[in-house]
Amino acid sequence: MAAAGEFRLGQRVHAAGDPRRVGTVRYLGPVEGHSGDWVGVDWDDGAGGRHDGSVAGRRYFVAAGERSASFARLAALSKGISLPDALRLRYRVEDFTKEEQDEMYVFSTSQKRVSVEFVGQNKVQEKLKNFNDLTSASVSYMGVSSIGPPDELKSLVPNLRLLDLTGNLFSQWQDISALCQALASLEVLNLTNNTMENDVTENPMLENIRILVLNNCGVTWELVEKFKVSFKCLNELHLMSNKLKMIMTPDGKFVQGFNTLRLLNLEDNNIDSWDEIVKLSYLKSLEQLHLNKNRIKHVKYPSNLPSHGPLDDASAVPFENLQVLLLGSNEIDDFSSVDSLNLFPSLRDVRLSDNPIADPAKGGAPRFVLVAQLGKVKILNGSEVSPRERRESEIRYVRLVMGKTQSNDQEEIKRLRPRFAELKAFHGIEDEKPTSSTSGPQKMSSGLISITLKCVGPSMGEKQPLTKKLPPTTTVGKLKSLCESFFKLKDIRVKLFVEEEGCPLPQLLEEDTASLMELGIGSGASIVVDEES
């Protein structure tokens, strides 16, 4: 049949004249009640579909969404163009139309044509006169479906090192293999938004590729296990938005190979069990692991693994070289997960933002608590932890624990707050004594803390900051009253914030009954005095 000759099932196509409207061929043949041959297309992200693959009560195929599918005539679809053609369309400068050439000139006051100097124009034009000099190229959303004759591609851009193929029509790995073999200098390949088939029939050595981007490509980990033999020199592998839930290995245990992989990006997937991440423990070169926007609830360093790693390497240490662990926008809500991050031997950069544990409004911890509990971290949630912030956070954390701990059971404290005793001793902080047990003005004065109060409320007028010495047992409610007195604020409802280094915004002090000691606020703290809106 004619349609079968033009297209094949599973082929990627785009709407004629609109290379951004991309879909997959799911049906070829007649449609009841309509003459001629039709192509049933399941469009990416809906893309203006009309049904789910069934029409007038008859099902022709099963679409991804209720209205992601439609039938089209052959002439309404395009099979795409070759990569060499796309490169020429995007980068050739000799074939500008007269209108395009006219746009590159303006008329001076004497009506002479003056060339417009675009940023980098001369450099780009000079480079593109000779494709041999092209080292990076982007043909995103140009409807590229094939690499064309390999020799043609090789001779056209022999020195290409970076190629962005985002949003095109590739689906078969044999085309990607041929592409990498034709471009011997290629090191970075971006295939984002190309729906790849999860089938690899051959494993040629593609040792030139260092960075491979497969975001939103429908990739499974089973496919990763198949193609890792080919891409054995990868430094970075990006697998965002592939709906990955499990890391399926051949033996169900640890991922092996990837000896040169330094960065693995698994952001925006469906991983909900830390057990899946443990399978990555023995990627010996792994330095960065990106897990933002998953569904992980708990983190635990795999210290209870067998004493030997894969291949009976008795010296193998789980996550030995991992320096960056991004866990933002997950569902982590327990302090034991935070404490376990201290066990990663090389971890220096952690992201926990947008987790319940890092949101004080949801019962989580403010930044200073996280800084104190993460003893080796140099960067938290994208902000550097300075030596000053670490010292102040740790001291404040110790005071917080001292103020809230009702038990004298040191083992219980160690279990719940494993760094408390260490930090208390390190900073030389003595147990707070009740003020009623002190005698004489000197004893009373030595128990006070010095804090700076700053008025910022719009109705408060310009007032100089005040530094006051207060008992650590002063509650937030009492401090509000004192501020009204200190600054002579009448008929203004006060709210207080504590400024913390490393936090973009001051943190609201919500509990009126909480004391400064219980909140970990000590000498040198700055309190911002604002007004209720």
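The values are calculated or read from the model by the stated rules, or taken from the named source; none is laboratory data. This one's a predicted model, so the numbers in the text were calculated from it and none came from an experiment. Don't worry about glycine lacking a Cβ; one is built from the backbone with ideal geometry, like all the others, and counts go over all protein chains shown. Accessible surface is based on the protein model in full, side chains and every heavy atom, while ligands, DNA and RNA are left aside. Shrake-Rupley method; radii C 1.70, N 1.55, O 1.52, S 1.80 Å.
Quick rundown of the values:
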read-out	value
Yes/no for Asn304 being part of a loop (DSSP other than H, G, I, E, B) and at pLDDT 95 or above	no
Condition check for Glu430: open to solvent by 50 Å² or more (accessible area, probe 1.4 Å), in a loop (DSSP other than H, G, I, E, B), at pLDDT below 85 and of a type outside the set (Phe, Trp, Tyr)	yes
Of all residues making up segment 153-170, the number that are part of a loop (DSSP other than H, G, I, E, B) and crowded, with 20+ Cβ neighbours inside 10 Å	7
Residue satisfying all of: in segment 507-524; open to solvent by less than 20 Å² (accessible area, probe 1.4 Å) and under 34 Å from the mean Cα position of the chain (by Cα); modelled with the lowest pLDDT among these	Gly520
Positions within segment 208-255 being open to solvent by less than 50 Å² (accessible area, probe 1.4 Å), more than 23 Å from Asp45 (Cα to Cα) and touching a Gly at 6+ places or on another chain (Cβ under 9 Å), in sequence order	Glu225, Lys228, Phe254
Complete set of residues in segment 449-467 that are free of Cβ contacts under 8 Å to residues at least 60 places away in the same chain, out of contact with any helix residue (DSSP H, G or I) (no Cβ under 7 Å at 6 or more places or on another chain) and outside any loop (DSSP other than H, G, I, E, B)	Thr467
When residues of segment 174-220 are limited to those that are among the polar types (S, T, N, Q) and touching a Cys at 6+ places or on another chain (Cβ under 9 Å), the one farthest from Arg12 (Cα to Cα)	Asn208
Residue in segment 44-85 that is surrounded by the most Cβ atoms within 10 Å (Cβ to Cβ), counting only those that are in a helix (DSSP H, G or I) and in contact with a Leu (Cβ under 9 Å, 6 or more places away or on another chain)	Leu83
Single residue of Ser439, Ser446, Ser450, Ser459 found to be at pLDDT 65 or above, open to solvent by 50 Å² or more (accessible area, probe 1.4 Å) and polar (S, T, N, Q)	Ser459
Close pairs from segment 357-378: first of a type in the set (Gly, Ala, Ser), partner part of a loop (DSSP other than H, G, I, E, B), Cβ under 7 Å, at least 6 apart	Ala358/Leu352; Ala358/Gly364; Ala358/Ala365; Ala372/Arg419; Gly375/Arg419
Glu225, sole failed condition from (1) more than 14 Å from the chain's Cα centre (by Cα); (2) assigned to a loop (DSSP other than H, G, I, E, B); (3) not aliphatic (A, V, I, L, M)	(2)
Breaking point among (1) part of a loop (DSSP other than H, G, I, E, B); (2) in contact with a strand residue (DSSP E or B) (Cβ under 8 Å, 6 or more places away or on another chain); (3) open to solvent by less than 30 Å² (accessible area, probe 1.4 Å); (4) under 20 Å from Glu331 (Cα atoms), for Leu289	(1)
Sole residue being more than 25 Å from Glu320 (Cβ to Cβ) and under 17 Å from the mean Cα position of the chain (by Cα), chosen from Ser230, Ser241	Ser241
Meets criteria (among the polar types (S, T, N, Q) and without any contact (Cβ under 8 Å) to a residue 12 or more places away in the chain) for Ser68	no
Residues located in segment 124-152, provided they are at pLDDT below 85 and assigned to a loop (DSSP other than H, G, I, E, B)	Lys129, Asn130
Ser185 vs. criteria modelled with pLDDT of 90 or more, closer than 20 Å to Arg88 by Cα, assigned to a helix (DSSP H, G or I) and among the polar types (S, T, N, Q)	no
Top-ranked residue of segment 186-207 - restricted to ones that are open to solvent by 30 Å² or more (accessible area, probe 1.4 Å) and in contact with an Asp or Glu (Cβ under 9 Å, 6 or more places away or on another chain), ranked as farthest from Val157 (Cα to Cα)	Asn198
Residue in segment 470-487 that is among the hydrophobic types (A, V, I, L, M, F, W, C), assigned to a loop (DSSP other than H, G, I, E, B), out of contact with any Cys (no Cβ under 7 Å at 6 or more places or on another chain) and open to solvent by less than 50 Å² (accessible area, probe 1.4 Å) present	no
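Matching residues to (1) touching a Ser or Thr at 6+ places or on another chain (Cβ under 7 Å); (2) modelled with pLDDT under 95:
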site	(1), (2)
His298	yes, no
Ala316	no, yes
Phe319	yes, no
Ser337	no, no
Arg367	no, yes
